[in-house]
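The values are calculated or read from the model by the stated rules, or taken from the named source; none is laboratory data. Keep in mind that what you see is a predicted model, and the values were worked out from it rather than measured. Here the Cβ positions follow ideal geometry from the backbone for every residue, glycine too, while neighbour counts run over all protein chains shown. Note: accessible area is taken over every heavy atom of the protein model, side chains too, but ligands, DNA and RNA are not part of it. Shrake-Rupley method; radii C 1.70, N 1.55, O 1.52, S 1.80 Å.
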Amino acid sequence: QVQLVESGGALVQPGGSLRLSCAASGPIFSINAMGWSRQAPGKQRELVAVITRSGSTNTADSVKGRFTISRDNVKNMVYLQMSSLKPEDTAVYYCNADVVLFGSRGEHDYWGQGTQVTVSL
C-alpha cells in the first residue's frame, strides 16, 4: 500500500519560515506530479503548488514568491519551502502524488494525512 507522510508543520511567528516534507513509500514504480494543498478551518481545500516529474512547477497566486515546491525523485519526496509566512497561511497542509504502481497501468492519486501549520504571535 502506498503511503504519504508529511512532516515539518509547526507554530511559527508571522514573517517566519518553515520547510514541509512529504515521503512516499510502498510499491512505487514511478511518481508523476506531486503537490501540496491546504485547508484552513471553515474553508475548502486549495491547491498551493504542484511539480511535475521533470521539475516544472505551478504555484498559487496567494503564495507566489513566498513558497517554493521541490522534489527528490530518488527518495520519492516532495518539499514545500515557505517563507514570509502570514496568519492567513494557517492551515493543515496535505501532499499528494500521482503514482504508477509496479505491475499496474495508469496512475493513482494518493494523499497524506496532513501536517498543521499555524502562523501566530
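Name the single residue that is most open to solvent (accessible area, probe 1.4 Å) among those in the range 1-49 being of a type in the set (A, V, I, L, M, F, W, C) and within 22 Å of residue 121 (Cβ to Cβ). Only one residue fits best here, namely 11. Checked against the criteria, residue 51 does not count as in contact with an Asp or Glu (Cβ under 8 Å, 6 or more places away or on another chain) and either farther than 24 Å from residue 118 by Cβ or at pLDDT below 95 (or both).
Taking each residue of the range 68-84 that is without any contact (Cβ under 8 Å) to a residue 40 or more places away in the chain and looking for partners that are among the small types (Gly, Ala, Ser) and crowded, with 20+ Cβ neighbours inside 10 Å with beta-carbon atoms closer than 7 Å, six or more apart or interchain, yields 69/49. Does residue 67 fit the bill of being in contact with a strand residue (DSSP E or B) (Cβ under 7 Å, 6 or more places away or on another chain) and at pLDDT below 95? No; evaluated as a whole, the condition is false for this residue. Is the range 31-38 home to any residue that is more than 14 Å from residue 80 (Cβ to Cβ), part of a loop (DSSP other than H, G, I, E, B) and at pLDDT 95 or above? Looking through the range 31-38, none of the residues is more than 14 Å from residue 80 (Cβ to Cβ), part of a loop (DSSP other than H, G, I, E, B) and at pLDDT 95 or above.
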